[in-house]
Amino acid sequence: MAIEFRCTQCQKLLRTPSGTSGKDARCPQCGAIVKIPELTQIGNLPAEASALASTGGGNPYAAPAPFRSPSGADEPRHELRPTRIEIGDVLSRTWDVFKVRWLACLGATWGVPLIVALAILPLVGIYVLVGLQNEDDPLPWVFGGIGLGVAALGIGTFMALGLHAFMLRVARGQDLAARDLFGEGALVVSAILTVLIVAVAVSVGVALFVVPGVIVALMFSQFMNVMVDERVGVVESLRLSMRFTEGNKVTLFLLWLLMAAINSIAGSLTCGLSTVVVAPFTSLLGSVTYLAMTGQNTASPEPVERERPLSSVP
């Protein structure tokens, strides 16, 4: 009978053959050295696992139920670790989640732009009416346009933060609610400033023979995920995005190209109808990619047999 338990460092569910209880082994996910527990000695669990069990988490070494979140709200969060990602692994993990939670992905991906449009539409109407009442005066058009742009940026950024937070919950297998899309108001100002900084940096890079602009865009591509996941400000979100994308820029670029090609080919074959599905999948892919490059687990509906066995330490 195999022994199943969680790494005390990264919380990954692990499996090792029977008869190895009490031995030291290396976690294949984070490399930590962990002691393999006895099957029947729940009282001898490591400190972190004992704390989880005592707070009502049950046996942390039990096999998870189908599609259990590997890092639920009540489980300890481990330190984010820059991790090299692979295209096949990221796509596979995204598909595992998407085929179970596709409806939530579709609703959030298409619901957010609809909400933004409905929020901005009345402002556009007011702008046009005020402008028409002052046809001979260009100032209402100018200042009204600036105000409309600022409002659109604020609303769009607020909903973009909500979408990123929502999709991270989807990728982790956590419980979902519509209100999750509207809980990031405290980060709006920081996000707007970061968006403007990144836009200027990318524009300058594009002006310098395009390639530098692509590199900058890749380097800062994770700032919004970092912001909603770690609750950090402008400087820290940019710094962490640079840290996590180090060594992953080429893979990220290839993922972008692959999804663009899939969307283009599928769109041409279906007269654009495939976008209804491809766009939500791409949105989830971004969240799964972030979790993968920061060393975090994603929810998986697959049986525990897919877990890699521990490597014994001599």
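What is the range 143-287's relative contact order, in percent, from Cα pairs under 8 angstrom and six or more apart in sequence?
21 percent
How about the range 111-181: which trypsin sites (Lys or Arg not before Pro) there lie in a loop by DSSP and see at most 15 other Cβ atoms within 10 Å?
Here no trypsin sites (Lys or Arg not before Pro) fit, given the DSSP loop and packing criteria.
Using 0.36 nm times the number of residues separating residue 186 and residue 84, minus their current alpha carbon distance, what extension gain do you get?
So the chain would gain 33.6 nm between residue 186 and residue 84.
Determine the share of the range 184-297's accessible area contributed by carbon and sulfur atoms, expressed in whole percent, with a 1.4 angstrom probe.
78 percent
Leaving out ligands, DNA and RNA, what percent of the accessible area of the range 76-147 is carbon and sulfur, probe 1.4 Å?
Exposed carbon and sulfur together represent 70 percent of the surface.
Over the alpha-carbon set of the range 155-213, divide Rg by the Kirkwood Rh and report the Rg/Rh ratio to two decimals.
1.16
Grab every C-alpha pair in the range 184-260, bin the distances at 10 angstrom width from 0 up to the longest one, and report whole percents.
Distribution as computed: 20, 47, 30, 3 percent.
Below 8 Å, C-alpha to C-alpha, sequence gap of six or more: please give me the relative contact order for the range 164-238 in percent.
Worked out over the range 164-238, it gives 32 percent.
Taking H placed 1.01 Å from N in the peptide plane, check which residues at least 5 places from residue 14 or on another chain put their amide H under 5 Å from its amide H.
5, 6, 7
Between residue 146 and residue 249, what length comes free when the chain is fully extended (0.36 nm per residue of separation minus the Cα-Cα distance, one decimal in nm)?
33.6 nm
Given C-alpha coordinates of the range 89-199, what is the ratio Rg to Rh with the Kirkwood estimate of Rh?
Details: Rg = 18.1 Å, Rh = 16.1 Å.
That ratio equals 1.12.
The values are calculated or read from the model by the stated rules, or taken from the named source; none is laboratory data. The structure presented is a predicted model; accordingly, all values stated were derived computationally and were not measured. Glycine also receives a Cβ, built like all others from the backbone with ideal geometry; neighbour counts cover every protein chain displayed. Note: areas computed on protein heavy atoms with side chains; ligands, DNA, RNA excluded. Shrake-Rupley method; radii C 1.70, N 1.55, O 1.52, S 1.80 Å.
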